[in-house]
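What follows is a set of notes on a single structure, which appears directly below.
The values are calculated or read from the model by the stated rules, or taken from the named source; none is laboratory data. Bear in mind the structure is a predicted one, so any value in this text is a computation, not a measurement. Cβ coordinates were reconstructed from backbone atoms using ideal geometry, including for glycine residues, and neighbour counts include every protein chain displayed. All accessible areas refer to the heavy atoms of the entire protein, side chains included, with ligands and DNA or RNA removed. Shrake-Rupley method; radii C 1.70, N 1.55, O 1.52, S 1.80 Å.
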Amino acid sequence: MQELLVISGKGGTGKTSLAAAFAVLARDKVLVDCDVDAADLHLLLRPQIQSSNEFWGMPKAFINAEDCNKCGLCQEACRFGAIEDYHVNPHLCEGCGVCSRLCPAGAVVMRDHLAGYWYVAHTPYGPMVHAQLGIAEDNSGKLVTVVRQAGRELARERGLNLIIIDGPPGIGCPVIAALSGVSLALVVTEPTVAGHHDLERIMQLAGHFRVPVEVCINKFDLAPAKSREIEEYCRAQGVEVISKIPFDEEVAWAVSRGVPLVQPRGGSRGGAARAVRSLWEKLAERLDVLARRPGH
Amino acid sequence: MRVAVASGKGGTGKTTIAVNLALALEGKVPVRFLDCDVEEPNAHLFLKPTFDHERVVSIPVPDVEEAKCTVCKKCGEVCAFNAIAVAGGKVVTFPELCHGCGACARFCPSQAIRERSHRIGILATGRAGSVTFVQGKMDVGTPLAPPLIKAVKKEMGSEEAVIIDAPPGTSCPVVTSVDGSDFCLLVTEPTPFGLHDLKLAVGMVRELGIPCGVIVNRATLGDFHVERYCYEEGIPVLLKIPFDRRYAACYSQGDCLVKVYPEWVPVFADLWRQVERMVKRGARALGNQR
Amino acid sequence: MKVAITAQGPNLDSPVEPRFGRCPYFILMDTEKNTVEAIANEGAGSGGGAGIAASQALINRGVKAVITGQVGPKAIRVLQEAGIRVYHATSMTVRAALEQWQQGKLTEIS
């Protein structure tokens, strides 16, 4: 079983639109949306939810006002500044449990905490796992892990050998959870100073976790000079830019209508659509090569 | 006044808005800029500050003194983050999983655990023109953003205009960045993605009790659903910026809209005044309630 | 001697689970008493360090050998520290993995 992660470092580079296009073009796969904080893939793939599952985050501290003798020990000990006036701010509590162990009156309890939901769904392009983390929640890394695990189980059950993952932005906890152990990561960048800057950081992260990387530049023609600079940077890292996708209003238009840019047969012949099709062919080839690698 | 610039979806132009706002106010009022997007800090690429002070930000992680350790396993039991294991008669620690809660040191019955600093990133301060600039930059491979964001926010200062560039999304790092602001500008784009993620962001600021307004970027590349949603929810749309290849080119080079196209200066200055009025009105409304 | 096999289900005929830290079950076999026991892996849903939590659980039960697909670098450090030997097995049932291990046919992961 192989896992292809589409990732970007910087947000808004077109990661989800590409993942949706691959969902259309690839055969025998499971789709997984690991951008659990702002999941958008379902807006294009229109899943029908088959099962909805609760996601429990780290437990959070709660102070029973009746038992609290206001000694203030918990407040002093909390390293996260989560306790004020004998009251826990759930947004700041990280669930370490120090306060609860320390409370002489037994007034602080650790409560399980419903932090979101994850779904197994059916789409016209294959099974899909996605999630929604509750607003203002932490533990997105943990939810990413849960969603990936569900995706792998689904693939195993249905005998599908490819998982396409839409990754979260950034380089923090959820990204690390999405990246570790995937077969290949496609980094989608854009020809801007910010795009270049974030590309360097996500490449370092992929290197850190020894994940093979391909890079594609989206909307490359909006700033050709910047695109060349990124290509040179990649070359210096020993990576050839696998694809350059032109700016095409058709992409925004497809997103607005809530449909993927490409269709299995026919569909758009626009510049972006053509580039995306050829990108997918190259990626499929690369995945084949990786699958045949000894030790796999 | 502290104004956070956030967006549910990444890449909507959050940093662009924050940076141009800072530049439009520069010289008119004292401005401080906090880049809280510590995973991918980008504002410095546009404001090009000179940093005069850098310090390492760390969290406290356990350091076990083997001579005192009785291998009682208490530290492993109290660690909620799986950062400690006790194996083969010794304590094995994993600083990269540690949240720095201090439980292990506090509850060790033989005081065998002291805490040492474990680096998670860099806090840099400097100046961009007359703007005071503060940036947190997380080390690659570190999973823990909130302690670094808190370090950035400790450099809050008392300038008349404090602008906070928040990370994308609605989860814990975003909440840490936005919490305590007087107002939150939510930047979005007029697409189903933009709308979906805007709704999440609105939910977040409402949960925190912070008033908000919306900025629609690339307003000519999409549909009207975002504006309809704002109207229905009573959220003011404070600014719309059209898509323009010239603006895209300017951004891609790390240039700022208000510098290259000065006609945008009054627009951003006015945005600030609108926000100021709303915050004052809100404060008055609160005063009236009491 | 106690050996633990990572398993997708709670019995000997379940397939070996390739992941160590996030396996649903461990099948524990005591080769001296010839007993078999299935335990749920409570750390499977941990945010981070699932492999560390799983290693600790096995250490606390006195396990001396582990049979699994892949082990992460953190977990392997803990297991090695405890002197637990780790053997590689995939695409077979727990029963088959145990037989092959007893015949010395599984390779050791280090």
Inset, instruction - Enumerate by residue number the trypsin sites (Lys or Arg not before Pro) in the stretch A:209-296 meeting two conditions: DSSP loop (anything except H, G, I, E, B), and at most 15 other Cβ atoms within 10 Å of the site's Cβ. - result: A:Arg210, A:Arg265, A:Arg269
Inset, instruction - Along Cα→Cβ, 7 Å out, is where each label goes; now give me the distance between the ones at A:Glu250 and A:Lys70 in nm to one decimal. - result: 7.0
Legend entry - Apportionment of accessible area to carbon and sulfur, the protein assembly as shown, percent (1.4 Å): 49
Legend entry - Nonlocal amide H pairs with C:Asn41, under 5 Å, H built at 1.01 Å: C:Tyr25, C:Phe26
Legend entry - Antiparallel bridge percentage (DSSP; both residues within the protein assembly as shown; nearest 5): 55
Inset, instruction - Estimate for me the total accessible surface buried between chains A and B (protein heavy atoms, probe 1.4 Å, no ligands or nucleic acids), in Å² to the nearest 100. - result: 5000
Legend entry - Across chain A: Cys residues that no other cysteine approaches within a C-beta distance under 4.7 Å: A:Cys34, A:Cys68, A:Cys71, A:Cys78, A:Cys93, A:Cys103, A:Cys173, A:Cys216, A:Cys234
Inset, instruction - Beyond 31 Å between alpha-carbons counts as too far, so tell me which of B:Lys9/B:Lys48; A:Lys70/C:Lys74; A:Lys60/B:Lys199; B:Lys48/C:Lys74 fall in that bin. - result: A:Lys70/C:Lys74; B:Lys48/C:Lys74
Legend entry - Proximal lysines to B:Lys68, defined as alpha-carbon separation beneath 18 angstrom and excluding residues fewer than eight positions away on the same chain: B:Lys90
Legend entry - Contact order relative to length of chain C, as percent, for alpha carbon pairs under 8 angstrom and 6 or more apart: 29
Inset, instruction - Using amide H atoms built 1.01 Å from N in the peptide plane, name the residues 5+ places from A:Glu3, or on other chains, whose amide H lies under 5 Å from its own. - result: A:Ile163, A:Ser183, A:Leu184
Legend entry - Among A:Cys78, A:Ser51, C:Leu79 the positive-end extreme of the charge dipole of the protein assembly as shown (Cβ point charges): C:Leu79
Legend entry - Average partner coverage of B:7-16, which counts Cβ from other chains inside 10 Å: 5
Legend entry - C:Gln102/A:Trp56 FRET efficiency (R0 41 Å; Cβ-Cβ; nearest 0.05): 0.55
Inset, instruction - Quote to one decimal, in nm, the extra length available between A:Gln204 and A:Arg235 on full extension: 0.36 nm per residue of separation minus the C-alpha distance between them. - result: 9.7 nm
Inset, instruction - Quote the accessible area belonging to A:Trp253 in square angstrom, nearest 10, computed with a 1.4 Å probe and with ligands, DNA and RNA left uncounted. - result: 140
Inset, instruction - May I ask you to give the solvent-accessible area per residue for chain B, in square angstrom, as obtained with a 1.4 angstrom probe? - result: 39
Inset, instruction - Compute for chains B and C the buried accessible surface, both sides summed, probe 1.4 Å, and express it in Å² to the nearest 100. - result: 1100
Inset, instruction - Just tell me which aspartates and glutamates come within less than 15 Å, Cα to Cα, of A:Lys10; anything on the same chain fewer than 8 places away is out. - result: A:Asp35, A:Asp37, A:Asp166, A:Glu190, A:Asp198, A:Glu200, B:Asp35, B:Asp37, B:Glu39, B:Glu40, B:Asp165
Legend entry - Share, in percent, of DSSP beta bridges within chain A that are antiparallel, nearest 5: 50
Inset, instruction - Could you compute the FRET efficiency for B:Glu66 and B:Glu232, with r as their C-beta to C-beta distance and R0 at 41 Å, rounded to 0.05? - result: 0.05
Inset, instruction - Under 13 Å from the Cβ of B:Gly76, count the other residues' Cβ atoms, weight Lys and Arg +1, Asp and Glu -1, and hand me the total. - result: +1
Inset, instruction - Just add up the charged neighbours of C:Gly69: K/R +1, D/E -1, any other residue whose Cβ is under 9 Å from the Cβ of C:Gly69. - result: 0
Legend entry - For A:Gly95, residues with placed amide H under 5 Å, excluding near neighbours: A:Ala61
Legend entry - Choice from B:Gly126, B:Gly89, B:Gly157 with maximal GNM fluctuation in chain B (Cα, 10 Å cutoff): B:Gly89
Legend entry - Computed helical MRE - 222 nm, the protein assembly as shown, DSSP H runs ≥ 4 contributing -39500 (n - 2.57), nearest 500: -10500 deg cm²/dmol
Inset, instruction - Please name the residues of the stretch C:34-76 whose accessible area, counted over protein heavy atoms with a 1.4 angstrom probe, falls by no less than 10 Å² between the chain alone and the full protein assembly. - result: C:Ala44, C:Gly45, C:Ser46, C:Gly47, C:Gly48, C:Gly49, C:Ile52, C:Ala53, C:Gln56, C:Ile59, C:Asn60, C:Lys74
Legend entry - Electrostatic dipole magnitude of the stretch C:2-109 [Cβ: Lys, Arg +1; Asp, Glu -1; Cα centre; debye, to 20]: 220
Inset, instruction - List the accessible area buried at the contact between C and A, summed over both sides and calculated with a 1.4 Å probe, in Å² to the nearest 100. - result: 600
Inset, instruction - Arrange the residues A:Tyr119, A:Tyr86 by how much accessible surface each exposes, largest first, with a 1.4 angstrom probe. - result: A:Tyr86, A:Tyr119
Legend entry - Cα→Cβ-extended label distance, 7 Å offset, between B:Lys48 and B:Arg116, nm: 4.2
Inset, instruction - Express as a percent, rounded to the nearest 5, the fraction of DSSP beta bridges in the stretch B:1-147 (both residues included) that run antiparallel. - result: 85
Inset, instruction - Calculate the dipole size of the stretch A:1-63 relative to its Cα centre from +1 charges on Lys and Arg beta carbons and -1 charges on Asp and Glu beta carbons; express the result in debye to the nearest 20. - result: 120
Legend entry - For C:Ala54, net neighbour charge (Lys/Arg +1, Asp/Glu -1) across residues whose Cβ lies under 9 Å away: 0
Legend entry - Cβ-placed point charges (K, R +1; D, E -1), dipole of the protein assembly as shown about Cα centre in debye, nearest 20: 520
Legend entry - Contact order relative to length of the stretch A:57-114, as percent, for alpha carbon pairs under 8 angstrom and 6 or more apart: 52
Inset, instruction - Determine which aspartates and glutamates satisfy two conditions relative to B:Lys28: a Cα distance under 17 Å, and not lying fewer than 8 residues away in the same chain. - result: B:Glu159, B:Glu160, B:Glu263, B:Asp270, B:Glu276
Inset, instruction - Quick one: compute the contact order of chain A, relative version, from alpha carbon pairs under 8 angstrom and 6+ residues apart, as a percent. - result: 26
Legend entry - Heavy atoms of A:Cys78: accessible area, 1.4 Å probe, square angstrom to 10: 30
Inset, instruction - Using only protein heavy atoms and a 1.4 Å probe, report how much of B:Cys184 is accessible, in Å² to the nearest 10. - result: 0
Inset, instruction - Just name one of A:Val108, C:Ser110, A:Leu41: the one whose Cα is farthest towards the positive end of the charge dipole of the protein assembly as shown (beta-carbon charges, Lys/Arg +1, Asp/Glu -1). - result: C:Ser110
